[in-house]
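The values are calculated or read from the model by the stated rules, or taken from the named source; none is laboratory data. All values derive from a computational prediction rather than experimental measurement. Here the Cβ is made from the backbone with ideal geometry for all residues, glycine too, and neighbour counts use every protein chain on show.
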Ligand SMILES: N[C@@H](CCC(=O)N[C@@H](CS)C(=O)NCC(=O)O)C(=O)O
């Protein structure tokens, strides 16, 4: 099967490249520079009508139509299920991983992205918007720090897609004016996950891409 990843040097994109590397799957890389608004090119909108990355296309090469997937969480779950990787089978363990995956997908990522907007990207930075965005990030970092005080990985005892979903956003902690080293348990987790060769390879994709 041939797989093509569409994305840029962004946290949601790197969730997918890290997972592809963790699964040991070969993939082609199609860079979509979101600062140049390439996500709105007709050929990208044809794959994802939302005009966002990441996108993963799987060509079955047996006559069946390609599987075109967007939403990083859906892509992580698809790869976990089809590759039997980073998602426990046992229902209780799986439910726990899912809960922390949802925290990464619905809180850590969006809140950090909003904080980046109100502290850096926005032409105007009203104090009330900045404070609101930073408080939401502070709350989720407190949650992660507390969790990692009692278990080695977000999903529990084992490394899972919850960690894959969270890592690229924690790597952008500075977007929310945070320092990972100020939360020791999160810092320990960040170093452990960041030492994985697959994580390092995935975080380096697309090669040469920069989010400027
Ligand atoms: N919920 C989506 C969010 C995707 C998303 O917001 N991607 C950003 C890059 S990290 C993007 O494409 N931004 C450009 C835009 O929104 O136009 C996911 O998890 O895949």
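Of note:
- The requirement of being over 19 Å from residue 186 (Cα atoms), in a helix (DSSP H, G or I) and more than 14 Å from the ligand (Cβ to nearest atom) is satisfied by residue 81.
- If only residues of segment 21-50 that are under 20 Å from residue 110 (Cα atoms) and out of contact with any strand residue (DSSP E or B) (no Cβ under 6 Å at 6 or more places or on another chain) are counted, the one that is farthest from the ligand (Cβ to nearest atom) is 49.
- Scanning segment 132-153 turns up no residue that is surrounded by 16 or more Cβ atoms within 10 Å (Cβ to Cβ), outside the structural domain of residue 21 (by TED's automatic domain parsing), touching a residue at least 40 places away in the same chain (Cβ under 8 Å) and over 27 Å from residue 99 (Cβ atoms).
- Residue tally, condition part of a loop (DSSP other than H, G, I, E, B) and in contact with a helix residue (DSSP H, G or I) (Cβ under 8 Å, 6 or more places away or on another chain), over segment 161-199: 7
- On inspection, residue 76 does not qualify as crowded, with 18+ Cβ neighbours inside 10 Å and closer than 17 Å to residue 207 by Cβ.
- Test for residue 89: is it more than 16 Å from the ligand (Cβ to nearest atom), outside any helix (DSSP H, G or I) and either without any contact (Cβ under 8 Å) to a residue 24 or more places away in the chain or within 19 Å of residue 189 (Cβ to Cβ) (or both): yes
- When 18, 53 are checked against the criterion of being within 15 Å of the ligand (Cβ to nearest atom), in a loop (DSSP other than H, G, I, E, B) and either under 18 Å from residue 110 (Cα atoms) or not assigned by TED's automatic domain parsing to the domain that holds residue 158 (or both), a single residue qualifies: 53.
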